[in-house]
């Protein structure tokens, strides 16, 4: 079952976020989650549970009007995060989550989805290709501190 998370306390959502972004503090997760549920016209989170009601995956997406690299149309829905517990991967869970994101994107008038993946995240690249995403660009950001 897939459900839209409408509160920060949605069952399993925080635990799934911790698994995807383990370096983020619970306080930061909760702040981000509150922002996601605050305006459902701008962002959404979906949590999928198995037949025993155990949360096994989630997706988060945001509605963007600013240009997104590799996408020629605006607005666009940006897939901010997608995670499936390892024991449930390769069973269609990610595709079901992406279908929910896609339905929302179409309902908002978008003609494309966008996403990004860290350069060294081979699993993320493979998952995006398997879900029909096309790579548009690779980039490395640099910084120089000023004295």
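The values are calculated or read from the model by the stated rules, or taken from the named source; none is laboratory data. These numbers come from a predicted model, not from an experiment. Neighbour counts run over all protein chains shown; Cβ positions are idealised from the backbone, glycine included.
Can you tell me which residues in the stretch 2-35 are in a helix (DSSP H, G or I) and within 20 Å of residue 117 (Cα to Cα)?
16, 17, 18, 19, 20, 29, 32
Quick one: residue 44 ticks every box in (1) crowded, with 18+ Cβ neighbours inside 10 Å; (2) not in a strand (DSSP E or B) except a single one, so which number is it?
Checking residue 44 against (1) crowded, with 18+ Cβ neighbours inside 10 Å; (2) not in a strand (DSSP E or B), the one that fails is (2).
(1) surrounded by 18 or more Cβ atoms within 10 Å (Cβ to Cβ); (2) within 20 Å of residue 127 (Cβ to Cβ); (3) modelled with pLDDT under 95: which one isn't true of residue 70, the others all being true?
That leaves (1) as the condition not met.
Residue 54 passes all but one of (1) surrounded by 15 or more Cβ atoms within 10 Å (Cβ to Cβ); (2) under 16 Å from residue 3 (Cβ atoms); which number fails?
It fails just one condition, (1).
So in the stretch 117-131, with the set limited to residues that are outside any helix (DSSP H, G or I) and free of Cβ contacts under 8 Å to residues at least 24 places away in the same chain, which one is nearest to residue 67 (Cα to Cα)?
This residue is 117.
So, residue 15, is that one farther than 24 Å from residue 125 by Cβ and modelled with pLDDT of 95 or more or not?
yes
In the stretch 20-41, which residues are over 13 Å from the mean Cα position of the chain (by Cα) and surrounded by 12 or more Cβ atoms within 10 Å (Cβ to Cβ)?
Once the filter is applied, which keeps residues that are over 13 Å from the mean Cα position of the chain (by Cα) and surrounded by 12 or more Cβ atoms within 10 Å (Cβ to Cβ), the stretch 20-41 yields 24, 28, 29, 30, 31, 35, 37, 40.
With out of contact with any strand residue (DSSP E or B) (no Cβ under 7 Å at 6 or more places or on another chain), more than 17 Å from residue 15 (Cβ to Cβ) and surrounded by 15 or more Cβ atoms within 10 Å (Cβ to Cβ) as the only criterion, which of 109, 124 stands out?
Answer to the selection: 124.
Would you please name the residue that is nearest to residue 87 (Cα to Cα), looking only at residues in the stretch 1-14 that are out of contact with any helix residue (DSSP H, G or I) (no Cβ under 7 Å at 6 or more places or on another chain) and exposed (fewer than 12 other Cβ atoms within 10 Å of the Cβ)?
For the stretch 1-14, the residue satisfying everything is 1.
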